[in-house]
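These notes concern the structure reproduced below.
A short reminder: the numbers here are calculations on the coordinates, not readings from a lab. Values in this document were obtained by computation on a predicted structure and should not be read as measured data. Positions of Cβ are generated from backbone atoms using ideal geometry, with glycine treated the same way; all protein chains shown enter the neighbour counts.
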Amino acid sequence: MDRVRRGYHGRDWWGCAREGATLRLQYPDSAPLQAWTLLCVARSGEDAVPLADAMLSERPGDPWALFARAGALVDHPGRGEAESIPAARVAQTALPDHPDATWLLARALVVHAAQSEAAAFFAAQPGPTSAQLHALELAFTLNTPDVNTQRVFALAEQARAADPRCVDAEFLPGLWLLNRRRPAEAEVLVRRALELSPHSAAIRSTLWSAIRQADHRDAADKRAAIEADMRLLLLTRGDAPEALMAARQASQDMFKETYEALSDELVARFPAYQQADWARYERLAALWEARYERRQKGAPDPAADEHLRRELDAFIARPPSRPALLGDVYHERYRLVRDDDAAAPEALLAAVQAWAPHEQRNIHSLADAAVELAERTPYRTEAEAIARLALQRLDARVALVRAAFSDQAVVDSETAAFSTALHGALGAVLLAQGRRAEARAELDAAWSQGKRTSPELFVRMAALAEAEDRIADAEALLAEGLSRWRGEEICDKPLKRLYQRQHGDDRGYAAHRQKLEAAVRDRRRAALLSTAIAEPKPLPPFVLPRLGGGEVRSESLRGRIAVINVWAKWCGPCVAEMSALQDLADAFAGAPDVVVGTVNVDTKTDDLAAWLAERGLRLEVLLGTRYARDNGYDTLPLTLFVDHDGRIVFTHEGATERLVEEFTWRIEALRQRASAPASKLVRPAG
C-alpha cells in the first residue's frame with residue numbers, strides 16, 4: 001500500500017493505479033491497498049465511483065471502503081461538490097485519528113468548500129501533522145489572495161522536514177514561482193520533484209512551461225528540450241491518458257501533427273476518461289471559434305456550420321463526465337439555431353429547452369435566450385419559465401463565487417452583474433407578453449443595481465420607455481448604450497428601427513443619431529470623471545522586462561501621465577480594443593507629458609512579438625504576469641491612469657466602445673489637475 005500511496009502523492013496517478021492493480025493480485029484482501037488504488041484511478045481521469053461502490057458492497061461498513069468512496073467522489077466532476085465532503089466526514093469517523101482520513105477530509109474541503117472553511121480546518125489541526133497534510137495546506141495557501149514567499153517556503157520546509165521525499169514540497173513552490181514569472185528558480189525545484197517522481201505527467205508538464213518561459217533559452221533550444229523530454233515521458237507513460245494529455249497540450253503550438261495524433265489517440269483509447277472529454281471539447285471549441293471569426297468577418301460558410309452541427313450532436317450523444325462541458329455544447333447548439341434566420345420557432349424553443357437543464361454557470365446567457373424566444377416566437381410563456389429558471393439558479397451561482405473569492409467586494413460585484421442581467425431579461429420577457437407593470441418592476445430592479453455596462457439593458461429599458469410613449473427617453477437610452485462595450489452591435493439597430501417607426505423611413509437617421517450622441521456626451525463625460533479615486537494611491541513600483549529587450553522602471557513615468565493597459569492574448573475584449581489603444585498611443589505620440597503602454601500577462605510570450613506585428617500593433621509591451629498577480633490585477637482588460645506624481649487616479653475595468661474618446665477625457669482631466677494651483681484642486685465625490 002505504501003508504494004501506491006507514494007505514487008499518488010508523487011502525482012503519478014496512472015502509474016500508481018497500474019501498480020495497485022498488480023499488487024492486488026498478490027494481496028487481494030488488503031482493503032487499504034484497494035482503497036488507495038481507487039484514489040489513483042480517480043485522479044488519473046477515470047470515474048472511480050462505481051468501483052468504490054462495488055468495494056463498499058463487498059465490504060459493507062468497511063472503513064477503507066468508505067475512504068475509497070469519499071476519495072472517488074472528490075474527483076468526480078458531477079457529484080464531487082455535493083457529496084464528497086459528507087462522505088469524507090463519514091470516512092474520518094470510521095478511521096478516527098488516522099492521518100490518511102484526516103488528509104482526505106482536508107482535500108475534500110480544499111477542492112469543494114469555501115476558502116474560509118478550509119482555512120479553519122487547517123488552523124484547528126493540533127501539533128505536528130503529516131507531510132501530505134502540510135503539502136495540502138501549501139496547495140491551499142497558493143490559491144489564497146494574500147500569500148507571500150515566506151509563507152510558501154515555510155510550509156514547504158515543514159512538509160520536507162516531515163518527509164524528505166515529499167514531492168509537493170518541491171513541486172508546489174516551483175509551480176508558485178513559475179506563476180510569478182520566475183522560471184529559472186521554478187525549474188530548479190520542479191526538476192527536484194522529478195527526481196523524486198520521474199514518471200509524473202503533471203510535473204513534466206510544469207517543467208515544459210518553465211522551459212517555455214526561460215529567458216536564457218532561444219526558441220530552438222526550448223523546442224528541442226521540450227521535445228526530448230516529451231519523448232521520455234511517452235516512452236515511460238505512453239499508455240497513460242494523463243501523459244498523452246500533457247504531451248498533447250505542449251504540442252499544440254509547437255508540433256501540430258503530434259497534437260492532432262495525440263488527440264486522436266486519447267479519444268480512441270480512453271473514451272471514458274476526462275482527458276478524452278477535454279480533447280473532444282477543445283476540438284469542438286476550435287470549430288465554433290472559427291465560426292465566430294467567420295461571422296465577425298461577414299463570411300458565412302453554411303457547409304462548415306453544418307459540420308459543426310454534426311459534431312455538436314455527436315458530442316451530445318456521448319455525454320462527457322464534466323457537466324459544464326455539456327452545458328457549453330448545448331449553448332453553442334442553441335446559437336446555431338438562433339443565428340439561422342430560416343429556423344422555425346419550434347426549433348428555437350427546442351434548442352433552448354434542451355440547453356436549459358445543463359446550464360449552471362452562464363445563466364445570464366440562458367436568460368438572454370429567453371428574451372430571444374419571447375421576441376422571435378409565440379412561445380412567450382415558455383420563455384418566462386426559462387427566465388425564471390435562470391433567476392432561481394442565481395443563488396447557486398453566487399454561492400460558487402463566494403467559495404472562489406474571499407474578497408467580499410468581488411462577490412458583491414459579481415452578484416450585482418448577474419442580478420442586473422437576469423432581472424433585465426425577465427423584464428424584457430414580461431414586456432413581450434404585454435405585462436407592462438411587472439416588466440417595469442423587473443427592469444427597475446435591474447437598473448437599480450448600478451451595473452449599467454451592458455448595452456442589452458439599455459435596449460430593454462428603451463423598449464419599456466417606447467411602450468410607455470416616452471420616445472425621447474427611449475432614444476436617449478439607446479444613444480447612451482451605443483458607448484458601452486459592443487454598444488454599436490447591440491444598440492444601433494434598435495435605435496434605427498425606433499427612428500423608422502417615428503418617421504416612416506431611415507432618411508435623416510445618421511444626423512439624428514449624431515445629435516442624440518452629442519446630447520448624452522456631456523453626461524457620459526461627467527459620469528466618467530466622477531469615478532476619480534478620492535484618495536489616489538501610488539502605482540505599485542515595478543522593474544519589468546520590455547518585449548524586444550531592455551527593461552522599464554516605474555520611476556521613469558514620474559512627471560508624466562501614464563496610461564497602462566493590462567491585457568492578455570487569450571482575453572477576447574483585450575484583443576478587440578487593441579487597435580483603438582494603438583490609435584490612442586498614436587494620438588499622444590508627440591505629447592511629452594503622456595505615455596501609453598501595456599503590461600501583458602500571458603504566461604507564454606515567445607510568439608508575442610510576431611502576434612503584435614501581424615496585427616500592425618506598435619504599442620510598448622512590458623511583461624508583467626507576476627506584477628499583475630501580486631497586485632490583484634485580475635480583471636482584464638484593466639487600464640490604470642496614473643498622474644504626474646505616480647498615483648493611480650482612474651481605473652477602467654473591461655473594454656469600452658469609445659476608448660479613444662473616454663481615455664482622452666481622463667488624460668485631459670489629469671492634465672488639468674497637474675496645472676491647477678493646489679488651492680483650486682477639489683476632491684471628487686466619493
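Observations on the structure shown:
- If only the Cβ of Lys and Arg carry +1 and only the Cβ of Asp and Glu carry -1, the dipole of region 209-304 around its Cα centre is close to 240 debye.
- Estimated dipole of the chain in Debye, rounded to 20 [Cβ of Lys and Arg +1, of Asp and Glu -1, Cα centre]: 1000 debye
- The candidate values were (i) 87, 62, 51; (ii) 102, 97, 55; (iii) 80, 72, 48; the one computed from these coordinates for Cα extents along the principal axes in Å carries the label (i).
- Separation between Cα centres of region 79-114 and region 474-531, rounded to whole Å: 56 Å
- Net charge dipole size for region 472-529 [Lys, Arg +1 and Asp, Glu -1 on Cβ; Debye, nearest 20]: 80 debye
- Dipole of the chain [Lys/Arg +1, Asp/Glu -1 at C-beta], most positive-end residue of GLN249, SER675, SER44: SER675
- Each of PHE122, LEU189, ALA162 was placed along the dipole of region 68-192 (beta-carbon charges, centred on the mean Cα), and the one lying farthest toward the positive end is LEU189.
- Alpha-carbon spread of region 560-686, three principal axes, descending order, Å: 50, 32, 24
- Bridge type composition, the chain - antiparallel percent by DSSP, nearest 5: 60 percent
- Region 1-125 - Rg and Dmax from Cα coordinates, angstrom: 13.6, 44
- Charge dipole of the chain about the Cα centre (unit charges at C-beta), most positive-ward option of THR625, LEU373, LEU56: THR625
- Inter-centroid distance (Cα atoms) of region 176-237 relative to region 566-588, Å: 32 Å
- Sites count as exposed loop sites when they are trypsin sites (Lys or Arg not before Pro), lie in a DSSP loop, and have at most 14 other Cβ atoms within 10 angstrom; the longest stretch of the chain without one is 298-469.
- Length-normalised contact order of region 270-404 in % [C-alpha pairs under 8 Å, at least 6 apart]: 17 percent
- Sequentially through region 563-576, phi angles give Karplus couplings (6.51, -1.76, 1.60; θ = phi - 60°) of 10, 10, 9, 9, 8, 8, 5, 6, 8, x, x, 4, 5, 4 Hz, Gly and Pro residues having no value and appearing as x.
- Annotation: amide H-H contacts under 5 Å for VAL566 (H modelled 1.01 Å from N, sequence separation of 5 or more, or interchain): VAL599, LEU638, THR639, LEU640.
- At full extension, THR22 and ASP264 could sit 84.3 nm farther apart than now, given 0.36 nm per residue minus the alpha carbon distance.
- The chain: calculated mean residue ellipticity at 222 nm from DSSP helix runs of at least 4, using -39500 (n - 2.57): -21000 deg cm²/dmol
- Phi to ³J(HN,Hα) by Karplus 6.51 cos²θ - 1.76 cosθ + 1.60 over region 315-325, Hz, x for Gly, Pro: 5, 5, 5, 10, x, x, 6, 9, x, 4, 5
- Normalised by 2.2 N^0.38 Å, with N the number of residues, the alpha-carbon radius of gyration of region 106-179 equals 1.02.
- Potential lengthening of the chain between ARG165 and GLN392 amounts to 76.8 nm, from the contour at 0.36 nm per residue minus the alpha-carbon distance.
- For the pair THR144 and GLU517 in one chain, pulling the backbone fully straight at 0.36 nm per residue adds 129.8 nm over the alpha carbon distance.
- For the chain, the cysteines with no partner cysteine C-beta closer than 4.7 Å are CYS166, CYS491.
- Pairs of C-alpha atoms in region 340-495 farther apart than 25 Å represent 30 percent of all such pairs.
- From the largest down, region 80-148 spans 37, 30, 16 angstrom on the principal axes of its Cα atoms.
- For the pair GLU185 and THR603, label points projected 7 Å from Cα toward Cβ lie 1.7 nm apart.
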